[in-house]
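Working notes, beginning with the structure itself.
The values are calculated or read from the model by the stated rules, or taken from the named source; none is laboratory data. Bear in mind the structure is a predicted one, so any value in this text is a computation, not a measurement. Every residue, glycine among them, receives a Cβ derived from its backbone with ideal geometry; neighbour counts consider all protein chains shown.
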């Protein structure tokens, strides 16, 4: 009878292992589907990626710095013109 009991436990263990594997497979498939759906949703929005945002931000900072430098040069030139005129 011990052999029959071991066989039943072995079958049960195999069944549980198969069930756990199937559950993990279903979970991965669901995650993949949800991830794909979320990516489609985000792509449908009018948003920029972080990398693009940072690149444009750096360009804007550089342009502002250049603009400030040009403004300072113009002020110096205008002051010279006012003193000479």
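Is it the case that residue 76 is part of a helix (DSSP H, G or I) and modelled with pLDDT of 95 or more?
On the way: part of a helix (DSSP H, G or I): yes; modelled with pLDDT of 95 or more: yes.
Considered against the rule, which asks whether it is part of a helix (DSSP H, G or I) and modelled with pLDDT of 95 or more, residue 76 comes out as yes.
Inside the range 42-55, can you point out the residues that are loosely packed, with under 10 Cβ neighbours inside 10 Å and in a helix (DSSP H, G or I)?
We begin by selecting, within the range 42-55, every residue loosely packed, with under 10 Cβ neighbours inside 10 Å; these are 43-46, 49-51.
43, 44, 50, 51 - these are the residues of the range 42-55 that are loosely packed, with under 10 Cβ neighbours inside 10 Å and in a helix (DSSP H, G or I).
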